[in-house]
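The values are calculated or read from the model by the stated rules, or taken from the named source; none is laboratory data. Keep in mind it's a predicted model, so treat the numbers as computed, not measured. Glycine also receives a Cβ, built like all others from the backbone with ideal geometry; neighbour counts cover every protein chain displayed.
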């Protein structure tokens, strides 16, 4: 399947009004996508390490805040590092958790080495096989409306695989200290550290 | 297994609930069996079975971001799967509680368990964890109380070790 869309426009188009979500951004490109979208906002926890942790951080947050919609944006490389998390999420099926995997077929942060997805691994099929009930792949402009609906309005935990060309995420200055990020997120979303 | 009395396991669960722990993450384990089963039966908590222990570290960080309290129940062998995420706990100064049933330690009869068991304390020390060890049934609850206070009042990362003096060494 073709990698044609540009993440710089496709991620904002899929998420829409970002203030409707609590947002977790996995390292590295996906965190930059969300930092640009939210102006590194207080409802966003962005990572630059802990590769493979994003989906499970999203699960812990979604279980703790059932009244809020939680969106995890992650990359194909980050997700593959802990792909079993899809199974852990699926058996609980938290309806307020949505996962957006920005799949550029490469490990962009380390020099655009080919990732498993470019060599045939289909992460939407893996999510579906793990038991996630709402899944789709967004590979062209016409798919975006369906993907956006699924992230926002699914009755189940959802997984949207966004196929994009291997071009850089937005250049954005963001908070890099993980302890400061933790405190900022709690202050911004709970009103206390 | 040298079957010790497991009444303390149920008391351990009650202690965690008194401290308002509501997310229980685990990989199935005999040493934590009672705690896991009680979390599964408790409608007031989330019982989260993991595919690998490191998922539970990330889950606990997410729970804290959402203002819930989590505990990761695992064997000491699982600690080895967690190291980079435990570094995230340290770097992010997340309050974090894990309870480890020890393998590869006092009386271990499975040589595959020895190396990680013996590495458990140095690994925890390298990541600045507070380590508390329970060796008798009557000290489990006071240690868990102490651990919870250090985690959620003082913001520490704490590991409680359920030693093989307490839980027995599996027979091989």
*asked:* Just to be sure I understand, how many residues within region A:130-174 are in contact (Cβ under 8 Å) with a residue 60 or more places away in the chain, touching a strand residue (DSSP E or B) at 6+ places or on another chain (Cβ under 9 Å) and not in a helix (DSSP H, G or I)?
replied: 18
*Quickly run through region A:74-90 and pick out the residues that are over 18 Å from residue B:60 (Cβ atoms), touching a residue at least 40 places away in the same chain (Cβ under 8 Å) and assigned to a helix (DSSP H, G or I).*
A:76, A:78, A:79, A:80, A:86, A:87, A:90
*Could you tell me which of the residues A:27, A:59, A:71, A:14 is part of a helix (DSSP H, G or I), touching a strand residue (DSSP E or B) at 6+ places or on another chain (Cβ under 9 Å) and more than 10 Å from chain B (Cβ to nearest Cβ)?*
A:14
*Would you point out the residue of region A:31-53, among those that are within 13 Å of the chain's Cα centre (by Cα), more than 8 Å from chain B (Cβ to nearest Cβ) and free of Cβ contacts under 8 Å to residues at least 40 places away in the same chain, that is farthest from residue A:86 (Cα to Cα)?*
A:37
*Quick one: would you say residue A:6 is surrounded by fewer than 24 Cβ atoms within 10 Å (Cβ to Cβ) and away from chain B (no Cβ under 14 Å)?*
yes
*asked:* Quick check on region A:175-193: of everything there that is in contact with a helix residue (DSSP H, G or I) (Cβ under 8 Å, 6 or more places away or on another chain) and part of a helix (DSSP H, G or I), which residue is surrounded by the most Cβ atoms within 10 Å (Cβ to Cβ)?
replied: A:185
*Which one of B:62, B:31 is surrounded by 17 or more Cβ atoms within 10 Å (Cβ to Cβ) and closer than 23 Å to residue A:51 by Cβ?*
B:62
*Between a first residue in region B:88-107 that is within 14 Å of chain A (Cβ to nearest Cβ) and closer than 20 Å to residue B:149 by Cα and a second residue that is at pLDDT 95 or above and part of a loop (DSSP other than H, G, I, E, B), which pairs have beta carbons less than 6 Å apart while being 6 or more apart in sequence or on different chains?*
B:90/B:127; B:90/B:128; B:95/B:155
*Could you please give the count of residues in region A:116-129 that are in contact with a strand residue (DSSP E or B) (Cβ under 7 Å, 6 or more places away or on another chain) and either without any contact (Cβ under 8 Å) to a residue 12 or more places away in the chain or under 20 Å from residue A:91 (Cα atoms) (or both)?*
4
*Please indicate, with yes or no, whether at least one residue in region B:54-77 is part of a helix (DSSP H, G or I), more than 14 Å from chain A (Cβ to nearest Cβ) and either in contact (Cβ under 8 Å) with a residue 40 or more places away in the chain or within 12 Å of the chain's Cα centre (by Cα) (or both).*
yes
*Take residue A:113 and decide whether it is surrounded by fewer than 15 Cβ atoms within 10 Å (Cβ to Cβ), away from chain B (no Cβ under 14 Å) and either under 30 Å from residue B:96 (Cβ atoms) or in contact with a strand residue (DSSP E or B) (Cβ under 6 Å, 6 or more places away or on another chain) (or both).*
yes
*Go through region B:36-53 and give me each residue that's closer than 17 Å to residue A:80 by Cα and facing chain A (nearest Cβ under 7 Å).*
B:50, B:51, B:52
_Can you say whether residue A:105 is more than 24 Å from residue B:55 (Cβ to Cβ) and without any contact (Cβ under 8 Å) to a residue 24 or more places away in the chain, as far as the supplied structure shows?_
no
*Conditions: (1) facing another protein chain (nearest Cβ under 8 Å); (2) under 23 Å from residue B:167 (Cα atoms). Residue B:12 meets all but one. Number of the miss?*
(1)
*One residue from A:72, A:83, A:89 being crowded, with 24+ Cβ neighbours inside 10 Å and over 16 Å from residue A:22 (Cα atoms)*: A:89
_Those helices (runs of 4 or more DSSP H) lying entirely in region B:85-172 with at least 1 residues surrounded by fewer than 16 Cβ atoms within 10 Å (Cβ to Cβ) and on the phi < 0 side of the Ramachandran plot_ = B:111-126, B:140-152
